[in-house]
1. Determine, for 252, 225, 292, the number of other Cβ atoms within 10 Å of each Cβ, and report the residues in order from fewest to most.
2. At 222 nm, what helix-only mean residue ellipticity would the chain give, in deg cm²/dmol to the nearest 500, using -39500 (n - 2.57) for each DSSP H run of four or more?
3. For the pair residue 69 and residue 273, how long in nm is the line joining their label points, each one 7 Å along Cα→Cβ?
4. For the chain, set up a Gaussian network in which alpha carbons nearer than 10 Å are linked by springs, and say which option among 88, 55, 291 fluctuates the most.
5. Let me know the shape class of segment 106-233, please: from the alpha-carbon gyration tensor, a ≥ b ≥ c as square roots of the eigenvalues, rounded when a/c is under 1.5, otherwise prolate if a/b is greater than b/c, or oblate.
6. Mind checking the alpha-carbon convex hull of segment 1-118 and giving the volume per residue in Å³?
7. Relative contact order, percent, of the chain when contacts are C-alpha pairs under 8 Å separated by at least 6 residues?
8. For the chain, with equal point scatterers placed on the C-alpha atoms only and solvent neglected, what are the log10 I(q)/I(0) values from the Debye formula at q = 0.08, 0.12 1/Å, to two decimals?
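Read-outs throughout are calculated quantities, based only on the coordinates presented, and are distinct from any laboratory measurement. Remember, it's a predicted structure, so these values are computed and weren't measured experimentally. So basically every Cβ, Gly included, is an ideal-geometry build from the backbone, and we count neighbours across all protein chains shown.
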């Protein structure tokens, strides 16, 4: 299925690039996250296409799509669902929340309280929810695409570290360049490109592709290089929170997905290096002194990439 894998991945990327102009790198990261069985966090200023990208991906894979608009008054039950009493039949029932879908758009996730945000922890980690002691499995594939505005915007809350750790990648779209912004203007003259999209892959095919990603060979020397990068964050005195084993696993699996998308059945150190910043940077937390000296999370990971020897 290698040839079919390449063809399907190309169709998905092509679909998304019809709507999101000039952001092929960000689109590739979202696709890598999906194929690695992870979740993606999109952070950028309003109006840069975060929600449109998430909706376009959902339509492209032909799965059930649900959108949750995160607001200050949103409750955990509004996300997961809740039990209710059916007076007519004198029985208890369960009303499914919007997380019972293949693609869940958690829109402006940092505009609700940490208590409500935490409702996604079990959902994103175990693909299930537990309500009143009963576990309920979610549809497969299950992919959360969360969007958030930068933390210094009005009305935002910081995401809990435990939740940030559950996103495989953090992606920033940024503003389009001059040529692509002109193209955006003309592309919406008659109809929005999103309205012309149709599914190019089935959920069953996505699950098959995820299984193929898991079979990509990971040489021990490359795995040791990955762990050396992670261990270096635990020895960095600028950090109060380093990379967890969950972060190691996310970098491992996304590296496999990148290799497969590039037509290889084995991982190279360049796969690990290419994904280190988008996979690891959002998982670390700086000490106050480092934060106020102007150091960014991405700077820490970039420094470590320079210091840790690359295997030959």
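1. Fewest-to-most ranking of 252, 225, 292: 292, 225, 252.
2. Only helices count here, giving -13500 deg cm²/dmol.
3. 4.6
4. It is 88.
5. Rounded shape, in that the Cα axes give a/c under 1.5.
6. 145
7. Once normalised by length, the contact order is 22 percent.
8. For the chain at q = 0.08, 0.12 Å⁻¹, log10 I(q)/I(0) is -0.38, -0.86.
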